[in-house]
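Structure first, then comments.
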Amino acid sequence: MKNILVFAGSNSKVSINKQLAIYAGSLIEEAKLTVLDLNDFNLPIYGIDLENEEGIPKAAEVFLEHIKSTDGVILSLAEHNGAYTTVFKNLLDWLSRIDNKLWQNKPMLLMATSPGGRGGQSVLEIAKDRFPRHDANVVATFSLPSFNDNFSEKGIKDETLNKTLTQAINIFKESL
């Protein structure tokens with residue numbers, strides 16, 4: 001049984017990206033999902049002076065251990081002003097100080113969603129360009145536009161979008 005790390009690049013308690021990530025993970029049969037919430041990893045805003053004075057926070061080390069111990073990563077990024085959320089960028093900054101190859105070449109299904117029609121495509125493009133520099137193995141991507149119109153407790157309503165996600169999940173599963 002494969003262990004899959006699932007999380008959203010958001011600290012919203014009702015994160016639509018977390019909902020999408022968990023849903024995508026639930027579609028993978030015979031997998032153990034480890035769902036993380038960034039609210040459980042309280043990290044101070046990264047700064048070199050803080051790192052030099054206090055070192056790396058334990059929460060960053062714990063998060064990196066989750067990445068190292070998994071077989072694959074499902075990550076759905078929230079988009080704020082066309083880029084990463086502050087909480088996710090801060091996590092990335094701390095993790096890269098521990099190990100610049102923080103993604104450990106683990107297969108990754110990289111996703112984004114938003115209430116708007118672009119579905120987080122700006123942050124998705126940033127991550128697709130940046131993550132490989134940190135040893136990400138992004139094997140598939142998926143963007144869900146207009147989350148509130150296209151998603152329910154039962155999953156993705158639009159058949160074309162659902163088929164696209166299924167294809168991305170199949171690619172991801174094959175890479176595990």
Of all residues in region 139-165, count the ones that are within 14 Å of Ile74 (Cβ to Cβ) and either touching a His at 6+ places or on another chain (Cβ under 6 Å) or touching a residue at least 40 places away in the same chain (Cβ under 8 Å) (or both). 3
Flagged in region 58-107 as assigned to a loop (DSSP other than H, G, I, E, B), surrounded by fewer than 18 Cβ atoms within 10 Å (Cβ to Cβ) and not small (Gly, Ala, Ser), in numbering order, are Asp71, Asn81, Asp99, Asn100, Lys101, Gln104, Asn105
Take Thr166 and tell me if it is over 22 Å from Phe88 (Cβ atoms) and among the β-branched types (Val, Ile, Thr). yes
Conditions first: (1) touching a residue at least 24 places away in the same chain (Cβ under 8 Å); (2) within 27 Å of Phe151 (Cβ to Cβ); (3) over 14 Å from the mean Cα position of the chain (by Cα); (4) part of a helix (DSSP H, G or I). Val123 passes all but one, so which condition is the exception? (3)
Which condition from (1) aliphatic (A, V, I, L, M); (2) within 26 Å of Leu176 (Cα to Cα); (3) within 14 Å of the chain's Cα centre (by Cα) is the one that Ala83 breaks? (2)
For region 34-88, give me the residue count where each residue is of a type in the set (Lys, Arg) and without any contact (Cβ under 8 Å) to a residue 12 or more places away in the chain. 1
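Yes or no, residue by residue, for (1) farther than 18 Å from Leu144 by Cα; (2) at pLDDT 95 or above; (3) of a type in the set (A, V, I, L, M, F, W, C):
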| residue | (1), (2), (3) |
| --- | --- |
| Ser15 | no, yes, no |
| Ala24 | no, yes, yes |
| Lys32 | yes, yes, no |
| Ile48 | yes, yes, yes |
| Ile56 | yes, yes, yes |
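Kindly indicate the residue of region 5-23 that is in contact with a helix residue (DSSP H, G or I) (Cβ under 6 Å, 6 or more places away or on another chain) and not in a loop (DSSP other than H, G, I, E, B) and also surrounded by the fewest Cβ atoms within 10 Å (Cβ to Cβ) among those meeting that condition.
Only one residue fits best here, namely Ile16.
The values are calculated or read from the model by the stated rules, or taken from the named source; none is laboratory data. Every value quoted in this text rests on a predicted model; they were computed, and no experiment measured them. As a convention, Cβ positions derive from the backbone with ideal geometry for all residues, glycine included, and neighbour counts pool all protein chains shown.
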